[in-house]
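Accompanying notes for the structure given below.
The values are calculated or read from the model by the stated rules, or taken from the named source; none is laboratory data. Since this is a predicted model, take the numbers as computed values, not measurements. So basically every Cβ, Gly included, is an ideal-geometry build from the backbone, and we count neighbours across all protein chains shown. Accessible surface is based on the protein model in full, side chains and every heavy atom, while ligands, DNA and RNA are left aside. Shrake-Rupley method; radii C 1.70, N 1.55, O 1.52, S 1.80 Å.
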Amino acid sequence: MQSSQSRYRNPQPTSRADIFEATAGAGIASIRRTLNKQKEEKRMAKTHCTFCGKDDNDGPLKSCSRCKAAHYCDHTCQLSDFKARHKRQCANFVHPPTTSAFLTKPRASERYPLHPLFAHWHEDGVGCWVTIEGRIDCELQSLAESLDPTELRDRQKRMMAGGGAASRQTIRTHKVTARSLLGLRVLVQNRRKEKNPILVFGSHAQVLSQPMQTSAVQRGTAEGDNLVKFMRDGVPSAAIGVANDPWDKVHRLGISYINGVEVKKDAPLPDNIKNANEATILLNTGEYAILHLQFRVGDGNTISKDWEALGALEAFFLPWAPWDGTSAPAALAGSFPTAQAPASDASSTTHGRLLRAPFDQPGVDEYFADFIEHGEEAYTRSHYGDARANMSRVADESMAVMGERLLAQVAQAGNTDVLIQRLRDSGMGELADKLASRQ
Ligand SMILES: [Zn+2]
Ligand SMILES: [Zn+2]
């Protein structure tokens, strides 16, 4: 007789319970993320003159063309600010460009920003800012969930297609149901003086494990994962690339915004996007893109929350290269510096540069302190307000309804024991008890 612990770590091949479980989790995630998105869209950034503070009621302000982070009522304000502060702030990437898709400062009535800044770096006129694509329950995502919540239904159909051995095999070998994917939202901007544009290579982004967390991070990986183990100053390290999707055979990434405008699925791609699947993006001076990148950092066990995954990481890496407009982007990508082999030799033939943004661990701890110390409801209240906490309770109730429907289906198929254990393991003990009492 196996203990429940070992059964969890080494799931036995079951019938369709795995698939049911995976898709139910994805449905719940979708509800939560929809809530998150609604909030985001309601928050439009109101701009004020960076120098004199006047608001934009009399018409739109003019922005600094290099950073898009400073806004002025007229040339006089711009010139005065440039001499006083902005020249230095612009060159040092002190503020990200102003966009409602990346709000790193809390609004007046709020304690926490919508997009807390967890990593930032700039070098050679290119900078990046990193936050998370967080869910309000702070759970990492699983491979069962679609990157874009609106595509969840199609994805469930694909997962269930055939319904049999192939799907079950994929679920096991790729640890599909483990909450292991950390979603990062990355804003990257070109502020170079050079006339030539740059290319950013999103699919080549990486995160590097903290030395003490390398083995924990490795524990969560599975066949086909994009992970390189190497020694750094005599210490084992792991460089993790963008996760792969076992069903769609693509990188788990998306280009969300170009210059503050949402990239829509059914609209023609903006000219900046050279390759959507690889997230190869052209940026002229002043332009910026926002990427959604997923990395398998968690193990579904000791690392299953956003702060646990962030706490396991040392830095985020993003390669880019100046572009003459003629070389093939794919050829450039072949010779990039990486987290495991950063180029330091000026005479090396490599063309690319590598941004290395260290994670701000005290910042992570502070942002999630309410959740860590007092739980989800305290966190939701302090970060999203009472209305949100109540909304999330509604979401939990819908989840219970969905769970019951799911249980009824699985019970008919005769796999309740496995599912009850899984529900307990994933913190849904109440549902598990309900089902157990019905047996
Ligand atoms: Zn002004
Ligand atoms: Zn500027």
Could you list all residues from region 175-206 that are within 18 Å of GLU145 (Cα to Cα), open to solvent by 40 Å² or more (accessible area, probe 1.4 Å) and not basic (Lys, Arg)? THR177
Residue check: is ILE273 at pLDDT 95 or above, in contact with a Lys or Arg (Cβ under 9 Å, 6 or more places away or on another chain), among the hydrophobic types (A, V, I, L, M, F, W, C) and open to solvent by less than 50 Å² (accessible area, probe 1.4 Å)? no
What's the total number of residues in region 70-91 that are within 15 Å of ligand 1 (Cβ to nearest atom), open to solvent by less than 60 Å² (accessible area, probe 1.4 Å) and of a type in the set (A, V, I, L, M, F, W, C)? 3
